[in-house]
């Protein structure tokens, strides 16, 4: 059986002049019942570097979804996760005509668990988490996991 869920967001942008480009790229994204996201283009594309950009949000979606899938699969395998930290990276390639795409995301999860005997399993479960991750399943680029797992002392 297939279950469908609908997600909605509203984008608002209005023309205003910029000193460095033809127009300001800042805009807001709102999702009912949640705080407003202030978004711009990345600094490399003449956006406001203090604001989130689409590439930031895409990477954040991948890393967040992977962690939630990972915690779920660890729970199924009775692994007690104490902490999870990830310093993820996304590589964007842009060609000469201005078109581009994310070509790779690298996740560097540092996981701390309770059970010494389950360290190898905890590392291996990142592949299973990737298979379950809704966002990873929606991407057309590779997602590489460079995982580390230690035991709480």
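For the stretch 107-138, the set of residues classified as within 30 Å of residue 54 (Cα to Cα) and loosely packed, with under 15 Cβ neighbours inside 10 Å consists of 110, 127, 131, 134, 137, 138, listed by residue number.
Restricting the stretch 72-90 to residues that are surrounded by 15 or more Cβ atoms within 10 Å (Cβ to Cβ) and touching a strand residue (DSSP E or B) at 6+ places or on another chain (Cβ under 7 Å), the residue that is farthest from residue 146 (Cα to Cα) is 79. Screening the candidates 59, 51, 37 for the property of being in contact with a strand residue (DSSP E or B) (Cβ under 6 Å, 6 or more places away or on another chain), surrounded by 10 or more Cβ atoms within 10 Å (Cβ to Cβ) and closer than 21 Å to residue 128 by Cα yields one hit, 59.
Taking the stretch 82-99 as the range and being more than 17 Å from residue 125 (Cβ to Cβ) and within 18 Å of the chain's Cα centre (by Cα) as the test, the residues that pass are 87, 88, 89, 90, 91, 92, 93. Taking the stretch 42-153 and the strands (runs of 3 or more DSSP E) fully enclosed by it, the elements with 2 or more residues that are free of Cβ contacts under 8 Å to residues at least 12 places away in the same chain, within 27 Å of residue 26 (Cβ to Cβ) and not assigned by TED's automatic domain parsing to the domain that holds residue 23 are at 89-94. Within the stretch 10-34, the set of residues being closer than 19 Å to residue 55 by Cα and loosely packed, with under 11 Cβ neighbours inside 10 Å comprises 10, 11, 12.
The values are calculated or read from the model by the stated rules, or taken from the named source; none is laboratory data. Keep in mind that what you see is a predicted model, and the values were worked out from it rather than measured. As a convention, Cβ positions derive from the backbone with ideal geometry for all residues, glycine included, and neighbour counts pool all protein chains shown.
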